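A quick write-up on the structure given underneath.
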Amino acid sequence: MKNPVKKSLLVLLAALSGIAVPLRADDDSASRIYSEGRELYLQGEYYDAAKKFESVRFESRNLTIRANSLLAQMAAWRMCKLYYREFQIIEELLERYPEYVNCNELIAREFEIGSLFRGGYREPAFWVFRWIPYLVDVDRTAEVYNAALKRAPYSKFASAAHMDLAIHYEFDGKTAESIAQLRLILERHENSPEAKYALLGLANGLFALSGRGDGDSRYINESVELFKRFCRKYPEAPEIEFARNRLAQAKDVQAAKLFEIAEFYRKSGRSEVAERYLAQLMSDYPDSRTAPEAEETLLNISDNYLPALPPEKNEARLPDIRSYKIPADADILLVSPEEKNSPYLLEVPDLKIGTDKNVSGKTSKGVEK
């Protein structure tokens, strides 16, 4: 089967070789080197061809020849599967020779390269040792995606790139950077398929940050609002149970913060201020885990408080995990070989070969019974 990528790149090289450019003395040398690189490319020596194309631009000052050599070099690096080097050439073309290329196609290719790195691709650290699987270059996911997003922040590929970056940063322990990417999805691509997961991920990320230090309650308050927004916008989503559980947990955190403030004022002798905070807690978070203790404290410091009726339903704090009983079974589940005088761990069924008749009415040895 013919390689469609190789075929398209050959067409590109053929087209470039047919461009008429006025040549000078140094351009003659560049043209000769370019022809040598093209011959190497046609022979399948892509790495050597890329090196030849790379040297062309040092031989000529003609912008068209330089741009063509970069395009040919980009094609050769792609055939070598050296995608980071291809990305570097694309960046140079977009930066220095935008009038000679199709910018939309090159930026789309940058998004593709970013997706390859996100999927696990790593460029060999040394070409001569490319056969060693663990001798690879660093992960270039963030660098490639950020470059593409800088050039096309509202591209049709941008929302998926932001999501990939958010996951990439989260795996690297960079929660703040991950949250920034999720915010960009909600700001720029609210109607994209990734917006739903960005909303839930942002709410959950802020909930996690609130547990590491949230003196002004900014993280937990925003987390609660985002979880409410998710429940309103996606009531039928498979993740709705998780969102409601997290929302209940986030409200517990808010109630606990109010209780801490109330306790501070109570111990400071300012019972009237503590009473206001406790009353707010019982009004806003009656089903929180702190509510029983808050109500007891409020009854002790206030003569006017009347206990409210308990909420009809308390929101679950954990996912609803269904459990099933193991059916009663009198059979032996697993027998070790030494207990059944057999070399096999599992029973080998007796197929009764040689005794039962097959379809033809003969035994397995072909003898009539």
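The values are calculated or read from the model by the stated rules, or taken from the named source; none is laboratory data. Fair warning: this is a prediction, and the values are worked out from it, not measured in the lab. All Cβ positions, even for glycine, are placed from backbone atoms using ideal geometry, and neighbour counts span all protein chains on display. The protein model used for the area step is the full one, side chains on, heavy atoms only, and it has no ligands, DNA or RNA in it. Shrake-Rupley method; radii C 1.70, N 1.55, O 1.52, S 1.80 Å.
Might you tell me the accessible area per residue for segment 168-305, computed with a 1.4 Å probe and given in Å²? Before the final figure, lay out the partial values.
Numbers: 7490 Å² over 138 residues.
In whole numbers, segment 168-305 has 54 Å² accessible per residue.
Quick check on segment 166-237: take the gyration tensor over C-alpha atoms, sort the square-rooted eigenvalues as a ≥ b ≥ c, and tell me if it's rounded (a/c under 1.5), prolate or oblate.
Values: a/c = 2.05, a/b = 1.20, b/c = 1.71.
It is oblate, given that a/c is not under 1.5 and a/b is not larger than b/c.
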Sorting Y83, P98, L71 by the position of each Cα along the dipole of segment 67-109 (Lys, Arg +1; Asp, Glu -1; all at Cβ), the one nearest the positive end of that ordering is Y83
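Need one number for segment 105-164: average projected area of the convex hull over its C-alpha atoms, nm². Walk me through the numbers on the way to the answer.
Values: hull surface 17.4 nm².
Mean shadow area of the hull around the Cα atoms is 4.3 nm².
Could you order F230, F157, F126, F207 so the one with the most accessible surface comes first? Probe is 1.4 Å. Mind showing how you got there, number by number?
Details: F230 0, F157 85, F126 110, F207 35 Å².
Heavy-atom accessible area, descending, gives F126, F157, F207, F230.
Leaving ligands, DNA and RNA out of it, report the carbon-plus-sulfur percent of the accessible area of segment 104-197 at a 1.4 Å probe. All intermediate terms of the calculation are to be shown ahead of the outcome.
On the way: 2850 of 5210 Å².
In segment 104-197, the share of accessible area belonging to carbon and sulfur is 55 percent.
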From zero up to wherever the largest Cα-Cα distance of segment 160-201 sits, split into 10 Å bins and tell me the percent of pairs in each.
-> 37, 55, 8
Got a sec? Which residues in segment 101-125 would a label at V136 touch, if it sits 7 Å along Cα→Cβ and we count backbone N under 20 Å?
-> 110-125
Pseudo-spin-label distance Y100 to I261, built 7 Å along Cα→Cβ, given in nm, is 6.4 nm
Given labels modelled 7 Å from the Cα in the Cβ direction, how far is it in nm from S302 to F171?
-> 5.1 nm
Give the whole-number value, in cubic angstrom per residue, of the convex hull volume spanned by the C-alpha atoms of segment 28-145.
-> 101 Å³
Given segment 165-284, what whole percent of its Cα pairs are spread farther than 24 Å?
-> 36 percent
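On alpha-carbon atoms, Rg over Rh for segment 222-306 using Kirkwood Rh?
Details: Rg = 15.3 Å, Rh = 13.8 Å.
So for segment 222-306, dividing Rg by the Kirkwood Rh gives 1.11.
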Taking 7 Å along the Cα-to-C-beta vector as the label spot, tell me the E91-S29 distance in nanometres, rounded to one decimal.
-> 2.9 nm
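For segment 173-243, what relative contact order do you get, as a whole percent, if you take Cα pairs closer than 8 Å and at least 6 residues apart?
Working: 51 pairs, mean separation 18.0, N = 71.
RCO, segment 173-243: 25 percent.
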With the 8 Å Cα cutoff and a minimum separation of six or more residues, segment 34-162 has a relative contact order in percent of 17 percent
Over all Cα pairs of segment 90-139, the Kirkwood radius sets Rh, and Rg/Rh then becomes 1.12
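Starting from the exponent 0.38 and prefactor 2.2 Å, build the expected Rg for segment 77-214 from its residue count and divide its actual Cα Rg by it. Numbers along the way, then the final one.
Numbers: Rg = 16.8 Å, N = 138, 2.2 N^0.38 = 14.3 Å.
That works out to 1.17 for segment 77-214.
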